[in-house]
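Accompanying notes for the structure given below.
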Amino acid sequence: MNKFTTIAAALLTLAASASAQVFYNADELPLYGKAREDTKERYERLPAEFEGRSRDAVWYLGRNSAGLYIRFRSNSTAIWCRWTAKFGNHMNHQTLVGTRGVDLYTLTAKNEWRFMAAGKPNINGKTTTDKIIGNMTPEWREYMLYLPLYDGVTSLEIGVDSTATVEQPLVDLPKTDKPIVMYGTSILQGGCANRPGMCHTSIISRKLNREVINLGFSGNALLDYEIAELIAAVKDPALIVFDYVPNAWDYLISGEEGEKFYRIVRDAHPDVPILFLEDPHFSHYEWDSFIKTEVDKKNAAQRALFKKLKKQGEKNIWYLKSDDMVGHDNEPFVESTHFTDLGMMRYAEWLLPHIKRHMKK
């Protein structure tokens with residue numbers, strides 16, 4: 001064997017070694033985006049005690065992992081992910097990656113998060129093993145992996161080269177002290193982002209480098225009091241966003257439910273700023289008379305609640321009209337109601353200045 005053959009064999013051995021993967025259980029890695037840690041299973045959003053107490057639909061949606069993400073660092077040339085979906089959900093208006101896929105971000109030298117690639121779930125079967133990215137230089141990088149928006153996760157593993165390792169993150173970003181808490185509907189849960197990281201709550205989190213807790217419950221933001229108690233349990237939030245209007249009926253908002261929901265939160269967080277948001281003007285708002293009437297009634301009820309609270313002397317509450325929420329060209333919608341990635345980005349960019357202006361520093 002000549003020296004060139006020896007070198008070639010060594011390079012092939014090195015390449016084979018680098019391509020072999022070892023999987024690490026993500027249960028050992030930090031998980032963020034939860035209001036409380038005492039969930040029934042790790043990758044869920046509602047406390048275990050809510051089972052049987054919450055409405056069935058709310059409990060089910062709370063088992064979706066919307067807004068949750070794990071943090072780690074690795075020196076691998078490739079990153080794999082192996083995960084098992086809890087339900088195996090499919091939807092006809094959202095990509096499978098957005099519904100039950102994962103996506104990966106890395107931290108730049110400027111402490112900015114950059115999207116790398118997404119993990120694509122199996123069309124058939126709940127368990128997926130996917131190589132998210134490869135052919136990188138073997139250097140240490142900080143990573144953030146977002147979990148599915150409209151499904152849950154029963155197991156999660158990170159795969160790396162057999163010559164590399166997965167470790168705890170060294171950089172404390174996004175910041176976890178003084179999180180932002182957002183309560184809302186299917187749009188807030190992530191409908192219909194193409195991938196998890198494009199949900200507007202996650203965009204805001206990256207832009208601010210601060211943890212955002214996603215309490216979006218598709219079709220079920222109906223001012224359930226236990227959700228107000230969950231918001232009340234969050235330690236020292238910087239800001240709370242009430243974005244429930246697309247779901248909540250006008251009589252709930254302007255009735256005792258709206259004020260009681262607010263009081264539960266305010267009693268626990270007397271100095272935390274709260275933003276009240278309106279219903280968006282959906283793409284069919286201009287033509288569908290029923291939708292226009294419903295949106296106008298709900299927004300009127302939200303304004304009435306806000307004015308009532310202000311008249312009672314409530315401070316540090318702010319009201320945002322939805323006129324300019326996602327632009328005026330009707331392009332940010334999937335069907336007529338839920339946001340595309342364009343809608344999510346416009347929504348985040350519209351909301352960010354208000355969050356920066358009002359949040360507790």
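The values are calculated or read from the model by the stated rules, or taken from the named source; none is laboratory data. In this text, all values refer to a predicted model and were calculated from it rather than measured experimentally. Please note: Cβ atoms are built from the backbone with ideal geometry, for glycine as well, and neighbour counts cover all protein chains shown. Keep in mind that these areas ignore ligands, DNA and RNA; they rest on the heavy atoms of the full protein, side chains included. Shrake-Rupley method; radii C 1.70, N 1.55, O 1.52, S 1.80 Å.
With the requirement that a residue be assigned to a helix (DSSP H, G or I), farther than 19 Å from Leu46 by Cα and either among the acidic types (Asp, Glu) or open to solvent by 10 Å² or more (accessible area, probe 1.4 Å) (or both), what does region 230-258 give you? Steps first, answer last, please.
From region 230-258, those assigned to a helix (DSSP H, G or I) are 230-233, 250-254, 256-258; that's our starting set.
Then drop every residue that is not farther than 19 Å from Leu46 by Cα, which leaves 250-254, 256-258.
Of everything in region 230-258, those that are assigned to a helix (DSSP H, G or I), farther than 19 Å from Leu46 by Cα and either among the acidic types (Asp, Glu) or open to solvent by 10 Å² or more (accessible area, probe 1.4 Å) (or both) turn out to be Asp250, Tyr251, Leu252, Ser254, Glu256, Glu257.
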Restricting to region 157-184, name every residue that is surrounded by 14 or more Cβ atoms within 10 Å (Cβ to Cβ), within 19 Å of the chain's Cα centre (by Cα) and not in a strand (DSSP E or B).
Leu173, Pro174
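Mind counting the residues in region 259-315 that are part of a helix (DSSP H, G or I), of a type in the set (Asp, Glu) and within 12 Å of Pro246 (Cα to Cα)? Before you say what the answer is, go through the steps one by one.
So the first thing to find is which residues in region 259-315 are part of a helix (DSSP H, G or I), and the list is 259-268, 289-311.
With of a type in the set (Asp, Glu) added as a condition, the list becomes 259, 267, 294, 296.
Still in the running and within 12 Å of Pro246 (Cα to Cα): 294, 296.
Looking only at that region, the number is 2.
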Out of all the residues in region 46-75, which are closer than 20 Å to Ala193 by Cα and touching a strand residue (DSSP E or B) at 6+ places or on another chain (Cβ under 7 Å)?
Ser65, Ala66, Gly67, Leu68, Tyr69, Ile70
Every residue in region 209-229 that is open to solvent by 10 Å² or more (accessible area, probe 1.4 Å) and over 19 Å from Gly343 (Cα atoms), please.
Asn209, Arg210, Glu211, Asn220, Leu222, Asp224, Tyr225, Glu226, Glu229
Scan region 3-26 and tell me whether some residue there is part of a loop (DSSP other than H, G, I, E, B), at pLDDT 95 or above and surrounded by fewer than 19 Cβ atoms within 10 Å (Cβ to Cβ).
no
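Could you say which residue among Thr129, Thr154, Thr106 is closer than 22 Å to Asn214 by Cβ, in a strand (DSSP E or B), open to solvent by 40 Å² or more (accessible area, probe 1.4 Å) and modelled with pLDDT of 95 or more? Please lay out each step first, then the result.
Working: Thr129 fails: closer than 22 Å to Asn214 by Cβ; Thr106 fails: open to solvent by 40 Å² or more (accessible area, probe 1.4 Å).
Residue meeting the stated conditions: Thr154.
Within region 109-120, is there a residue that is over 26 Å from Gln21 (Cβ atoms), among the acidic types (Asp, Glu) and either in a loop (DSSP other than H, G, I, E, B) or open to solvent by 10 Å² or more (accessible area, probe 1.4 Å) (or both)? Before you say what the answer is, go through the steps one by one.
Here is the first cut: in region 109-120, the ones over 26 Å from Gln21 (Cβ atoms) are 109-112.
Now narrow it down to the ones that are among the acidic types (Asp, Glu): 112.
Next, from what is left, pick out any that are either in a loop (DSSP other than H, G, I, E, B) or open to solvent by 10 Å² or more (accessible area, probe 1.4 Å) (or both): 112.
Yes, because at least one residue in region 109-120 is over 26 Å from Gln21 (Cβ atoms), among the acidic types (Asp, Glu) and either in a loop (DSSP other than H, G, I, E, B) or open to solvent by 10 Å² or more (accessible area, probe 1.4 Å) (or both).
Can you pull out every residue in region 197-238 that is touching a Phe, Trp or Tyr at 6+ places or on another chain (Cβ under 7 Å) and within 18 Å of Leu173 (Cβ to Cβ)?
Of all residues in region 197-238, those touching a Phe, Trp or Tyr at 6+ places or on another chain (Cβ under 7 Å) come to 197, 200, 202, 206, 211, 215, 221, 223, 225-228, 231.
Within region 197-238, Gly197, Ser202, Arg206, Glu211 qualify.
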